[in-house]
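Reviewing the structure listed below.
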Amino acid sequence: MHSSSTALLDLKKYTPNIVTTLFSLADRAKEERLPLSGSGHVIALLFLEPSTRTRLSFQTAAYRVGLSPLVLEDNGGSSLEKGETPEDTILNVAALGSRLIVIRCGDGVDLKSLSSKTSVPILNAGWGKIGHPTQALTDTYAMYSRWKNLAGKKLLFLGDAKHSRVVASHMEIASVLQLQLGYAGPKNLLPENFVGQHFDRLADGLAWSDAVMSLRFQFERHTETSQQNLKIEEFKKEWGLSADSLKNLKKDGLIMHPGPVHWGLEIESSIAKDPRCIILDQVRHGVWIREALLRNALGEDGV
Ligand code: CP
(Lines give C-alpha, C1' and ligand atoms only; values in the text may rest on other atoms or scores of the structure.)
Protein backbone atom coordinates (compact mmCIF):
# COMPACT_ATOMS: atom_id res chain seq x y z
CA MET A 1 0.00 0.00 0.00
CA HIS A 2 1.53 3.24 -1.13
CA SER A 3 0.95 6.38 0.88
CA SER A 4 1.50 9.98 -0.16
CA SER A 5 0.29 11.44 3.14
CA THR A 6 3.54 13.31 3.77
CA ALA A 7 3.95 14.52 0.20
CA LEU A 8 3.61 18.23 -0.49
CA LEU A 9 2.15 18.90 -3.91
CA ASP A 10 -0.03 21.88 -3.03
CA LEU A 11 -1.49 23.69 -0.02
CA LYS A 12 -5.16 22.90 -0.66
CA LYS A 13 -5.53 20.69 2.40
CA TYR A 14 -3.51 22.87 4.73
CA THR A 15 -5.21 23.88 7.98
CA PRO A 16 -4.34 26.62 10.49
CA ASN A 17 -3.05 23.84 12.74
CA ILE A 18 -0.57 22.54 10.16
CA VAL A 19 0.71 26.04 9.41
CA THR A 20 1.11 26.81 13.14
CA THR A 21 3.12 23.61 13.62
CA LEU A 22 5.31 24.32 10.58
CA PHE A 23 5.99 27.89 11.69
CA SER A 24 6.88 26.64 15.22
CA LEU A 25 9.27 24.08 13.72
CA ALA A 26 10.80 26.81 11.57
CA ASP A 27 11.13 29.05 14.65
CA ARG A 28 13.01 26.21 16.35
CA ALA A 29 15.25 25.74 13.30
CA LYS A 30 16.03 29.46 13.46
CA GLU A 31 17.19 29.07 17.08
CA GLU A 32 19.22 25.87 16.92
CA ARG A 33 20.55 23.09 14.71
CA LEU A 34 18.68 19.94 15.63
CA PRO A 35 19.66 16.80 13.68
CA LEU A 36 16.92 14.39 12.68
CA SER A 37 16.94 10.94 14.25
CA GLY A 38 17.21 9.62 10.68
CA SER A 39 20.30 11.70 9.97
CA GLY A 40 22.63 10.24 7.37
CA HIS A 41 19.68 9.25 5.19
CA VAL A 42 19.80 10.18 1.53
CA ILE A 43 17.24 12.51 -0.02
CA ALA A 44 17.07 13.57 -3.67
CA LEU A 45 16.78 17.08 -5.09
CA LEU A 46 15.72 16.83 -8.75
CA PHE A 47 15.75 20.23 -10.38
CA LEU A 48 14.70 19.75 -13.99
CA GLU A 49 14.28 23.53 -14.36
CA PRO A 50 16.74 26.23 -13.17
CA SER A 51 16.79 27.34 -9.53
CA THR A 52 19.12 29.06 -7.09
CA ARG A 53 17.13 29.85 -3.92
CA THR A 54 14.88 26.81 -3.69
CA ARG A 55 17.54 24.24 -4.56
CA LEU A 56 20.22 25.69 -2.30
CA SER A 57 17.86 26.32 0.59
CA PHE A 58 16.65 22.70 0.51
CA GLN A 59 20.30 21.63 0.30
CA THR A 60 21.26 23.88 3.22
CA ALA A 61 18.30 22.64 5.27
CA ALA A 62 19.23 19.01 4.51
CA TYR A 63 22.82 19.50 5.70
CA ARG A 64 21.61 21.33 8.81
CA VAL A 65 19.56 18.30 9.93
CA GLY A 66 22.15 15.69 8.93
CA LEU A 67 20.59 14.43 5.69
CA SER A 68 22.70 13.69 2.60
CA PRO A 69 21.19 15.34 -0.49
CA LEU A 70 21.73 13.91 -3.97
CA VAL A 71 21.32 16.69 -6.52
CA LEU A 72 20.34 16.34 -10.17
CA GLU A 73 19.94 19.63 -11.99
CA ASP A 74 18.96 20.88 -15.43
CA ASN A 75 19.05 17.36 -16.90
CA GLY A 76 22.87 17.72 -17.15
CA GLY A 77 24.66 14.38 -17.32
CA SER A 78 21.55 12.37 -16.49
CA SER A 79 19.68 9.83 -18.60
CA LEU A 80 17.03 12.48 -19.23
CA GLU A 81 19.43 13.51 -22.01
CA LYS A 82 19.02 10.02 -23.48
CA GLY A 83 15.26 10.29 -23.52
CA GLU A 84 14.33 8.85 -20.15
CA THR A 85 11.10 10.47 -18.98
CA PRO A 86 11.01 12.59 -15.80
CA GLU A 87 8.47 10.07 -14.46
CA ASP A 88 10.91 7.15 -14.91
CA THR A 89 13.72 9.23 -13.42
CA ILE A 90 11.65 9.91 -10.30
CA LEU A 91 10.66 6.26 -9.85
CA ASN A 92 14.31 5.17 -10.30
CA VAL A 93 15.53 7.71 -7.76
CA ALA A 94 12.91 6.41 -5.34
CA ALA A 95 14.21 2.87 -5.97
CA LEU A 96 17.74 4.02 -5.11
CA GLY A 97 16.58 4.48 -1.53
CA SER A 98 15.98 8.23 -1.24
CA ARG A 99 13.81 8.97 1.78
CA LEU A 100 12.10 11.79 -0.07
CA ILE A 101 12.23 13.56 -3.41
CA VAL A 102 12.17 17.33 -3.82
CA ILE A 103 11.36 18.18 -7.42
CA ARG A 104 11.15 21.20 -9.70
CA CYS A 105 9.62 20.42 -13.07
CA GLY A 106 7.27 21.63 -15.78
CA ASP A 107 3.45 21.38 -15.92
CA GLY A 108 3.77 18.30 -18.13
CA VAL A 109 5.01 16.04 -15.32
CA ASP A 110 2.07 14.45 -13.48
CA LEU A 111 3.29 14.70 -9.89
CA LYS A 112 -0.12 13.62 -8.53
CA SER A 113 -0.08 10.35 -10.40
CA LEU A 114 3.60 9.77 -9.53
CA SER A 115 2.91 10.38 -5.88
CA SER A 116 0.39 7.56 -5.92
CA LYS A 117 2.96 5.19 -7.48
CA THR A 118 5.63 5.51 -4.80
CA SER A 119 5.73 5.51 -1.02
CA VAL A 120 8.55 8.09 -1.13
CA PRO A 121 7.16 11.55 -0.29
CA ILE A 122 7.38 14.01 -3.19
CA LEU A 123 7.79 17.71 -2.39
CA ASN A 124 6.85 20.26 -5.04
CA ALA A 125 9.70 22.78 -5.35
CA GLY A 126 8.11 24.69 -8.25
CA TRP A 127 5.82 22.85 -10.68
CA GLY A 128 5.25 24.66 -13.98
CA LYS A 129 2.56 27.30 -13.52
CA ILE A 130 0.69 24.99 -11.15
CA GLY A 131 2.26 26.01 -7.86
CA HIS A 132 5.26 26.72 -5.67
CA PRO A 133 3.98 25.88 -2.18
CA THR A 134 7.32 26.08 -0.34
CA GLN A 135 7.79 29.65 -1.64
CA ALA A 136 4.33 30.74 -0.43
CA LEU A 137 5.16 29.21 2.97
CA THR A 138 8.54 30.99 2.94
CA ASP A 139 6.92 34.34 2.17
CA THR A 140 4.17 34.01 4.75
CA TYR A 141 6.64 32.75 7.37
CA ALA A 142 8.86 35.81 6.74
CA MET A 143 5.79 38.04 7.29
CA TYR A 144 4.68 36.03 10.32
CA SER A 145 8.15 36.42 11.89
CA ARG A 146 7.58 40.17 11.94
CA TRP A 147 3.87 40.39 12.71
CA LYS A 148 3.13 37.12 14.62
CA ASN A 149 -0.44 37.19 13.29
CA LEU A 150 -1.33 37.49 9.62
CA ALA A 151 -5.13 37.70 10.10
CA GLY A 152 -6.44 40.82 8.35
CA LYS A 153 -3.06 41.75 6.86
CA LYS A 154 -3.08 42.80 3.21
CA LEU A 155 -0.65 41.48 0.61
CA LEU A 156 -0.55 43.22 -2.79
CA PHE A 157 0.92 41.47 -5.86
CA LEU A 158 2.42 43.52 -8.66
CA GLY A 159 3.32 42.47 -12.16
CA ASP A 160 3.03 39.11 -13.89
CA ALA A 161 0.62 37.38 -11.51
CA LYS A 162 -0.94 35.43 -14.38
CA HIS A 163 2.13 33.27 -15.05
CA SER A 164 3.25 33.06 -11.41
CA ARG A 165 3.15 29.71 -9.63
CA VAL A 166 4.02 31.63 -6.44
CA VAL A 167 0.72 33.56 -6.69
CA ALA A 168 -1.13 30.29 -7.39
CA SER A 169 0.16 28.86 -4.09
CA HIS A 170 -0.53 32.08 -2.16
CA MET A 171 -4.15 31.83 -3.32
CA GLU A 172 -4.32 28.40 -1.68
CA ILE A 173 -2.88 29.45 1.68
CA ALA A 174 -4.22 33.02 2.09
CA SER A 175 -7.63 32.03 3.45
CA VAL A 176 -6.02 29.62 5.95
CA LEU A 177 -3.99 32.53 7.32
CA GLN A 178 -6.86 35.05 6.86
CA LEU A 179 -4.52 37.09 4.72
CA GLN A 180 -6.21 39.41 2.21
CA LEU A 181 -4.80 39.48 -1.32
CA GLY A 182 -4.80 42.30 -3.82
CA TYR A 183 -3.35 42.96 -7.27
CA ALA A 184 -2.28 46.17 -8.94
CA GLY A 185 -1.41 45.84 -12.60
CA PRO A 186 -2.79 45.41 -16.09
CA LYS A 187 -5.84 43.17 -16.40
CA ASN A 188 -4.10 40.92 -18.94
CA LEU A 189 -1.55 39.86 -16.27
CA LEU A 190 -4.19 38.99 -13.66
CA PRO A 191 -5.03 35.26 -13.23
CA GLU A 192 -8.67 34.55 -14.14
CA ASN A 193 -9.30 32.80 -10.81
CA PHE A 194 -7.74 35.54 -8.67
CA VAL A 195 -9.63 36.07 -5.41
CA GLY A 196 -8.90 39.53 -4.08
CA GLN A 197 -9.05 43.19 -4.89
CA HIS A 198 -7.85 44.55 -8.22
CA PHE A 199 -6.52 48.11 -8.22
CA ASP A 200 -6.43 50.21 -11.39
CA ARG A 201 -3.89 52.58 -9.88
CA LEU A 202 -0.60 51.52 -8.28
CA ALA A 203 -0.85 54.29 -5.67
CA ASP A 204 -4.26 52.98 -4.47
CA GLY A 205 -2.96 49.42 -4.15
CA LEU A 206 0.13 50.52 -2.25
CA ALA A 207 -1.91 52.67 0.15
CA TRP A 208 -4.19 49.65 0.83
CA SER A 209 -1.41 47.12 1.48
CA ASP A 210 0.68 46.03 4.47
CA ALA A 211 3.10 44.19 2.19
CA VAL A 212 3.74 44.45 -1.52
CA MET A 213 5.18 41.60 -3.56
CA SER A 214 6.76 42.48 -6.87
CA LEU A 215 6.88 39.59 -9.36
CA ARG A 216 9.26 38.64 -12.12
CA PHE A 217 7.99 38.53 -15.69
CA GLN A 218 7.87 34.79 -16.38
CA PHE A 219 8.97 35.25 -20.00
CA GLU A 220 9.59 31.52 -20.36
CA ARG A 221 5.88 30.86 -19.75
CA HIS A 222 4.50 33.52 -22.08
CA THR A 223 3.05 32.59 -25.45
CA GLU A 224 4.33 34.39 -28.53
CA THR A 225 1.18 36.55 -28.54
CA SER A 226 1.46 37.52 -24.88
CA GLN A 227 5.15 38.42 -25.47
CA GLN A 228 4.12 40.69 -28.34
CA ASN A 229 1.37 42.30 -26.25
CA LEU A 230 3.78 43.05 -23.42
CA LYS A 231 4.75 46.70 -23.44
CA ILE A 232 7.61 46.70 -20.97
CA GLU A 233 8.35 50.42 -20.99
CA GLU A 234 4.66 51.25 -20.48
CA PHE A 235 4.50 48.69 -17.67
CA LYS A 236 7.55 50.15 -15.92
CA LYS A 237 6.09 53.66 -16.08
CA GLU A 238 2.67 52.71 -14.77
CA TRP A 239 3.26 49.69 -12.53
CA GLY A 240 6.99 49.36 -11.77
CA LEU A 241 7.99 49.80 -8.12
CA SER A 242 10.06 52.94 -7.72
CA ALA A 243 11.28 54.96 -4.77
CA ASP A 244 8.69 57.55 -5.76
CA SER A 245 5.71 55.17 -5.98
CA LEU A 246 6.71 53.59 -2.65
CA LYS A 247 5.92 56.87 -0.87
CA ASN A 248 2.37 55.48 -0.91
CA LEU A 249 3.32 52.38 1.10
CA LYS A 250 3.04 52.53 4.91
CA LYS A 251 6.21 53.43 6.79
CA ASP A 252 6.21 49.96 8.39
CA GLY A 253 5.04 48.19 5.22
CA LEU A 254 7.09 45.37 3.67
CA ILE A 255 8.60 45.20 0.18
CA MET A 256 8.96 41.62 -1.03
CA HIS A 257 9.89 39.58 -4.10
CA PRO A 258 10.16 35.78 -4.36
CA GLY A 259 13.18 36.09 -6.68
CA PRO A 260 14.92 35.97 -9.00
CA VAL A 261 14.60 39.75 -9.33
CA HIS A 262 14.93 41.69 -12.59
CA TRP A 263 16.30 44.85 -10.97
CA GLY A 264 15.45 47.84 -13.12
CA LEU A 265 12.46 46.11 -14.71
CA GLU A 266 9.69 45.27 -12.23
CA ILE A 267 11.52 47.03 -9.36
CA GLU A 268 13.99 49.92 -9.26
CA SER A 269 17.51 48.95 -8.08
CA SER A 270 17.66 51.59 -5.33
CA ILE A 271 14.81 49.84 -3.49
CA ALA A 272 17.20 47.13 -2.29
CA LYS A 273 18.38 49.72 0.25
CA ASP A 274 14.89 50.71 1.45
CA PRO A 275 14.64 49.60 5.12
CA ARG A 276 11.21 48.11 4.32
CA CYS A 277 12.73 45.76 1.72
CA ILE A 278 12.93 42.17 3.09
CA ILE A 279 13.84 40.29 -0.10
CA LEU A 280 16.98 38.70 1.38
CA ASP A 281 15.16 38.06 4.65
CA GLN A 282 12.66 35.98 2.65
CA VAL A 283 15.60 33.88 1.43
CA ARG A 284 16.84 33.38 5.02
CA HIS A 285 13.36 32.27 6.12
CA GLY A 286 13.27 29.86 3.17
CA VAL A 287 15.97 27.72 4.80
CA TRP A 288 14.10 27.44 8.11
CA ILE A 289 10.73 26.69 6.53
CA ARG A 290 12.28 24.03 4.27
CA GLU A 291 13.94 22.45 7.29
CA ALA A 292 10.49 22.32 8.91
CA LEU A 293 9.05 20.75 5.74
CA LEU A 294 11.77 18.08 5.65
CA ARG A 295 10.97 17.18 9.28
CA ASN A 296 7.27 17.03 8.42
CA ALA A 297 7.77 14.88 5.34
CA LEU A 298 9.99 12.47 7.27
CA GLY A 299 7.48 12.23 10.12
CA GLU A 300 9.57 13.91 12.81
CA ASP A 301 7.25 16.70 13.83
CA GLY A 302 3.89 15.34 14.88
CA VAL A 303 1.92 17.27 12.17
N1 CP B 1 11.86 31.86 -5.76
C2 CP B 1 12.44 30.86 -6.44
O3 CP B 1 11.82 29.83 -6.72
O4 CP B 1 13.74 31.10 -6.79
P5 CP B 1 14.63 30.04 -7.58
O6 CP B 1 14.03 29.88 -8.95
O7 CP B 1 16.00 30.63 -7.61
O8 CP B 1 14.58 28.74 -6.84
### Query
Any idea how many residues of the stretch 43-80 are part of a helix (DSSP H, G or I) and within 20 Å of the chain's Cα centre (by Cα)?
10
### Task
Looking only at the stretch 254-265, count how many residues are part of a loop (DSSP other than H, G, I, E, B) and farther than 21 Å from THR54 by Cα.
2
### Task
Only residues in the stretch 245-272 that are polar (S, T, N, Q) count as the first member; pair them with residues that are part of a strand (DSSP E or B), Cβ under 9 angstrom, at least 6 apart or cross-chain, and list the lot.
SER269/TRP263
### Message
Conditions first: (1) buried (at least 16 other Cβ atoms within 10 Å of the Cβ); (2) more than 16 Å from the ligand (Cβ to nearest atom). GLU266 passes all but one, so which condition is the exception?
### Response
(2)
### Summary
In the set GLY66, GLY77, the lone residue that is surrounded by fewer than 15 Cβ atoms within 10 Å (Cβ to Cβ) and either β-branched (Val, Ile, Thr) or farther than 15 Å from THR134 by Cα (or both) is GLY77
### Summary
Taking the stretch 166-198 and the residues there that are under 19 Å from ILE232 (Cα atoms) and hydrophobic (A, V, I, L, M, F, W, C), the one that is modelled with the highest pLDDT would be ALA184
## Note on the structure
Taking the stretch 29-55 and keeping only residues that are within 17 Å of THR138 (Cα to Cα) and either without any contact (Cβ under 8 Å) to a residue 12 or more places away in the chain or within 16 Å of the ligand (Cβ to nearest atom) (or both), one is left with GLU31, SER51, THR52, ARG53, THR54, ARG55
### Task
Inspect the stretch 66-74 for any residue being within 16 Å of the ligand (Cβ to nearest atom) and on the phi > 0 side of the Ramachandran plot and give the result as yes or no.
yes
### Query
Taking strands (runs of 3 or more DSSP E) that fall entirely within the stretch 81-192, which contain at least 1 residues that are within 16 Å of the ligand (Cβ to nearest atom) and not hydrophobic (A, V, I, L, M, F, W, C)?
101-105, 122-127
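The values are calculated or read from the model by the stated rules, or taken from the named source; none is laboratory data. Owing to the predicted nature of the structure, the values given are computational and were not obtained by experimental measurement. Methodologically, a virtual Cβ is constructed for each residue, glycine included, from the backbone with ideal geometry; neighbour enumeration extends over all protein chains shown.
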